[in-house]
Structures are given as C-alpha cells and as structure tokens.
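This report concerns only the one structure given below.
The values are calculated or read from the model by the stated rules, or taken from the named source; none is laboratory data. What you see is a predicted model; the values in this text were computed from it and never measured. Using ideal geometry, Cβ is built from the backbone for each residue, glycine included, and neighbour counts are taken over all protein chains shown. Each accessible area value is taken on the protein alone, full model and side chains, heavy atoms only, with ligands, DNA and RNA left out. Shrake-Rupley method; radii C 1.70, N 1.55, O 1.52, S 1.80 Å.
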Amino acid sequence: MRVSHPNDAYETVHQQFAWQVPAKFNMAEVCCGRWARSPKHQHDVAILEHQTGGQAPLTWTFAQLQSAANLLSSHLEALGVQKGDRVAIVMPQRFETAVAYMAVLQIGAVSMPLSMLFGPEALAFRVGDSGAAVALCDEVSTPILANLKKECLGLKTVLDVSKELKFPKSKLSDQKIFRPVKTKADDPAILIYTSGTTGNPKGALIPHRALIGNLTGFVCSQNWFGFEPHASSEGNLSKHSLPTGSQAIFWSPADWAWTGGLMDALLPSLYFGRPIVAFKGRFSPELAFEILHTHGITHSFLFPTALKAMMKAQTHPRQHYKIVLKGLMSAGEAVGDAVFAYCRDELGVVVNEMFGQTEINYVVGNCQVFWPSKAGSMGRGYPGHQVAVIDEQGHVCKPGEAGEVVVNRFDRHGQPDPVFFLGYWKNPSATQAKYTGHWCRTGDVAIEDEDGYLWYQGRTDDMFKSAGYRIGPGEIENCLIKHPAVMNAAVVPKPDADRGALVKAYVVLSPEFVSQRAAAQDVQHFESRLIEDLQRHVRGLLAPYEYPKEIEFIEQLPMTTTGKVQRRFLRLQEEERTRQKTKM
C-alpha cells in the first residue's frame, strides 16, 4: 500500500494532466520565432556567454538570435538543403550553436548534434551513416570535418558558422525576413547517435513533438522553473501561448551536442523565453561556482560527476559564493545520499534526480514542490508518462523486486505520449527490439518502492552475481563516495573461479589524498592501508557480500561524452587480464 505524504500532489497533477499536441509544430518557432516577433519579448536576452578573467558576458537577444538564424537558413537553402536533410552541428556552447539549431530546424531539416570531443573515427561514422551533406562548425571543428570529406563522400560543405556570422551585433538588430517551413509535430527534427554498449552507435530520430513530451519533466525537475506552482497548471504546458512571470536564469555544463544539454537545457529554456548561460571552456568545480555566483543562476542541470567534484572542492560553498538556486536537476548516474545531502545543506536546494534516454527523454524524476524527493531515488513517472518495472517475462514487478524500467507509448488516459522517438535511423530491427508490446525497454534496472519511487540499480549489463548474490554497482559506488579519500568510483565484476565474480572497485582519489600519497615515504604501504580503510568503510554500511574484495586506484574513470561512467571498458579489462593470467 502506498504511503500518502501531506505535501504530495503527485496523483492530483497526474489526474489533471492531458497532452495537447498540435498537428503543426516546430521547435525553432516555439523556442525563438514567437519571442522574436513579440514586441514585449524580442529584446529579452536569449543567450548569455560567460567570459573568464572578469570580462563582461556577451548577451544576445531573441531578435538577434532569430535574425542570425534567418541569415543562416537562407545560406543553407542556397546550398540545396531541403526538408528532411540531415545537417551536422559540431560546435560547443556558444551563440552560434544556438543559431545553427534554429536555422536548421526552421527549414524543416534534421539537426545532427556531434560532440567536439569525438575523434575522427566517431565523427566519420556518424556523418557517413546519416548521409549529412553539410556540417556546421566553428573555427576549431572546421578543419577536422574538412579532413573527413575524402572519407565521407556525401559530405559536400563544411561551413564555419562563427566566420559566416562574424559582423557587428548591430547588424543583427533588424530581423531579416525568412519564411519558416511548416512542419508537422511528427516530422523528424533531431538525429542523435546513442553510444550503446556494443556495436556501432545507433541514430535515434527525434520528432518536433518530443519537445512537448520533455516539458512536464523539465518544469517538474526545475521546481516549476520560476513560475508560480499550481497543481492544476501542468496541463497548460503544451498550450503554446506566451508564458510570462518567470525570472529564471539557467546554466548547465551539459554539452549542447547531447540530449541532456540540448533537450534538458537549451531548448526548454528558450521555449519559456528565459536566458541560458553558455560557456565553451572546460568544466571545473571552481568554474561552476563562479558561474552560479556571477550570473545569479536560479536553475541548473548538474550531472552527478560534476556535483561530486564540487562537493570535494568546496565543503561549504555559500561561505565563499552567493548561490541562489531554486531548482536543480541531476541525471546520468545515481546521485546517492551523500551528494543529495550536500546539495540540500550546502547549495541550499534539494536536488531533483531525473531519468530518461535519448529515445524517451525526461520520463521519470522528482519534483520537490509537488512530491517529496527521496535521497538517491530516481523519482516517479512525470505527468503524461506511464512508467513501470517489469521482469524478464514481461510481468510488472511487485514493490521491492528488481526489474527493467519501461515506458508505455500511451499515458494513463490512453493518449499517445509525444516524448517517443520515431525509431533508429536505418535500423528497423533495432527499433522493433526496443519494444515489448507498447512498452519501450530502457535497459536500466530499478526497484519500485511502496510509494511508487524508483531506485536505480544499474544497466542490465552492469548487474552481476557474486557467490549467488545479485550485485548492483550504484549502491557500492555511492558508499565509497562518502569516504573523504574518494573523488569517484566504479564497481565492476572481476572473474573468479569460485564465486563467479568478485566485487572490484576502481577508485579516483580526491586531491587531498593524491597529495598525501605523493608525500608518503612508502606509497605501497599507504595504498595498502587506504584499501583496508575503504573496505572497512563499505563493510560497515552495506551487506558483507557487497564490499569490494579488490580496489585499484586510477587517475580517471572512462567516461562517455555525457558524463556517464563506462563500466563496460573496466569490465572488459578485467576479463582480458583474467584470460592473460590463465595462459601463463
């Protein structure tokens, strides 16, 4: 039986919510076009570029964003880009990147975000597989993409957008006339390649309507994003009137080339007519605190890796920085209770954890203003999304039983959920395999408690058994993070003849303990004592079978461009080491 909380309006919000998806819908129109035409809002700031060294930020209004997008759209059409064509965008967080998205989307073409961190091989595969004929770049990525033209024969034009738009801001003050292409809500808008665990990346084709599907999760995870929270107002989010009243300022280090940065930060911020801070440099805890302080950031998305680094860098940040956060979302990995407590006590905001995938984004999470967040929980299905946990036979699990998280194509009222992707690019078999009936499988394992909250256990391929016990890495990693010596950790199975697998932890030391190790007269003895201390620490908090039998210190964990730990590489490394030992 589910427990009712006095401040829990979850059921009320769900019952009052209904999707409203118009037949015609375009992301660029609702994120920029309508604001640029509004005399009241056209001069509001859309993009605010953070500058280091005490320099004043660069600001760009919605009118300037639209004017620049119109210029670029005209250029793309002159190059022969038509509705449905794929256009690669290889740029960091900056004004020109937002221009590129608006320009591509408003001509009905499909934007294909590519990370600046991708190497030539990763870029070549995605460009070649998508059939993109044009790549929009900056001064850094232009020569890299130009070198791929020999390998990717379909790539005809590599355009340096920063050079194309390099003229005084005053020239963008007057809106250039451009007639956007009318797109259906179901028309493709974005092609994002997912990393996957095996084989080549798959291109997830996202329709324009998916932005509507994202909005409920966005406003819930951002504690209503500066609007006055009313349980009955949730159903109005997909009405495309001009919302007013929010004073939110958003920032996230999440790369605009992946779902978390594009669909969870850039597009929804612009949709609500609010400015988003851009910074194209490398993330650091010091930079994060500087941006939060300098710009008075009210809402943010900070992935767990970033929050862990910030927690280790500044124990009491509000003693040094002015932090006015009203909403904070985190996703990608489980936050854990240590980071949860840090956000609540030291950043002054309860973190709302969120779960989603490129294919079905922003579907599960917390919303502190309408239902209480539980430390370490993924949360509950956001309004409009029907979520369940199923076993290997496809049956819904009982509370407390681990199973795979799935999302239904239809909401609880039987209406189609607009958040769903169209399918994998040129891969109908993979698309079909993603579904069991109307349930879309996520590949993520969770447990649902009596209150309907989900608790992340790991990817289906991250789970393993040791001496008959089912092990999920998240709980052990969270426990290790609580030790002052640990900056980050990843837990994987190490093959073992007797137990099937041993629990092994890869640990990144905090800066303080890196210094202590460097100063130690006997480094091996220092590490040996620290390993024993870490093992005692875990044994004292978790079940006896969960403590890591082996710990290896590592300078950095293998990470995806989206900030997720790639445990697969560590697991394969352990398997290869075992094979080599058996040969000896």
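Some observations on this one:
- Of all the residues in the range 446-469, those that are modelled with pLDDT of 90 or more, outside any loop (DSSP other than H, G, I, E, B) and of a type outside the set (Val, Ile, Thr) number 4.
A quick yes/no check of all residues on (1) part of a helix (DSSP H, G or I); (2) in contact with a strand residue (DSSP E or B) (Cβ under 6 Å, 6 or more places away or on another chain); (3) more than 23 Å from GLU333 (Cα to Cα); (4) among the hydrophobic types (A, V, I, L, M, F, W, C):
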position	(1), (2), (3), (4)
SER246	no, no, yes, no
ALA254	no, yes, no, yes
GLY260	yes, no, no, no
VAL277	no, yes, yes, yes
LEU292	yes, no, no, yes
GLY296	no, no, yes, no
THR305	yes, no, no, no
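- Only one of GLN556, GLN521 that is outside any strand (DSSP E or B) and under 32 Å from the mean Cα position of the chain (by Cα): GLN556
- Candidates SER130, SER73, SER111, SER141, filtered to the one that is over 19 Å from TYR424 (Cα atoms) and in contact with a Phe, Trp or Tyr (Cβ under 7 Å, 6 or more places away or on another chain): SER73
- Filtered by the rule that a residue be open to solvent by 30 Å² or more (accessible area, probe 1.4 Å), in contact with a strand residue (DSSP E or B) (Cβ under 9 Å, 6 or more places away or on another chain) and either assigned to a loop (DSSP other than H, G, I, E, B) or free of Cβ contacts under 8 Å to residues at least 40 places away in the same chain (or both), the range 376-393 gives GLN386, ASP391, GLU392.
- In the range 89-133, of all residues being among the aromatic types (Phe, Trp, Tyr) and modelled with pLDDT under 95, the one that is farthest from LYS166 (Cα to Cα) corresponds to PHE125.
- Residue list for the range 337-371, filter: assigned to a helix (DSSP H, G or I) and open to solvent by 20 Å² or more (accessible area, probe 1.4 Å): ASP337, ALA338, ALA341, ARG344, ASP345, GLU346
- Residue check, GLY443 surrounded by fewer than 17 Cβ atoms within 10 Å (Cβ to Cβ) and either among the aromatic types (Phe, Trp, Tyr) or part of a strand (DSSP E or B) (or both): yes
- Qualifying positions in the range 304-347 - closer than 14 Å to ILE291 by Cβ and of a type in the set (Ser, Thr, Tyr): TYR321
- Within the range 400-438, the set of residues being in a strand (DSSP E or B) and either in contact with a helix residue (DSSP H, G or I) (Cβ under 9 Å, 6 or more places away or on another chain) or without any contact (Cβ under 8 Å) to a residue 40 or more places away in the chain (or both) comprises VAL406, ASN408, PHE410, PHE420, GLY423, TYR424, TYR435.
- Boolean, ALA56 is hydrophobic (A, V, I, L, M, F, W, C) and crowded, with 24+ Cβ neighbours inside 10 Å: no
- The lone exception for HIS293 - which of (1) free of Cβ contacts under 8 Å to residues at least 40 places away in the same chain; (2) within 24 Å of THR560 (Cβ to Cβ); (3) surrounded by fewer than 23 Cβ atoms within 10 Å (Cβ to Cβ) it fails: (2)
- Close contacts from the range 331-360, counting a first residue that is of a type in the set (Ser, Thr, Tyr) and a second that is assigned to a loop (DSSP other than H, G, I, E, B) and modelled with pLDDT of 90 or more, with Cβ to Cβ under 9 Å and a gap of 6+ residues or different chains, come to TYR342/THR315; TYR342/VAL351; THR358/PHE421.
- Qualifying residue in the range 107-118 (condition: open to solvent by 20 Å² or more (accessible area, probe 1.4 Å), farther than 20 Å from THR358 by Cβ and assigned to a loop (DSSP other than H, G, I, E, B)): no
- Summed over the range 487-508, the residues that are surrounded by fewer than 24 Cβ atoms within 10 Å (Cβ to Cβ) and not basic (Lys, Arg) give a count of 11.
- You will find that of ILE531, ILE476, ILE481, the residue that is among the β-branched types (Val, Ile, Thr) and either closer than 18 Å to MET559 by Cβ or touching a His at 6+ places or on another chain (Cβ under 8 Å) (or both) is ILE481 and no other.
- For the condition of a type in the set (Ser, Thr, Tyr) and surrounded by fewer than 16 Cβ atoms within 10 Å (Cβ to Cβ), SER528 qualifies.
- In the range 307-319, residue nearest to GLY261 (Cα to Cα) [restricted to those that are of a type in the set (S, T, N, Q) and outside any helix (DSSP H, G or I)]: GLN314
- Tally, over the range 308-342, of residues that are touching a strand residue (DSSP E or B) at 6+ places or on another chain (Cβ under 6 Å) and among the hydrophobic types (A, V, I, L, M, F, W, C): 5
- Residue match in the range 197-209 (condition: at pLDDT 95 or above, out of contact with any Leu (no Cβ under 9 Å at 6 or more places or on another chain) and either open to solvent by less than 50 Å² (accessible area, probe 1.4 Å) or farther than 30 Å from ALA9 by Cα (or both)): yes
- Here the range 320-336 is the region considered, the condition is being assigned to a loop (DSSP other than H, G, I, E, B) and at pLDDT 95 or above, and the residue that is farthest from the chain's Cα centre (by Cα) is HIS320.
- Applying the condition of being open to solvent by less than 10 Å² (accessible area, probe 1.4 Å) and outside any strand (DSSP E or B) to the range 125-138 and asking which residue is nearest to LEU155 (Cα to Cα) yields ALA132.
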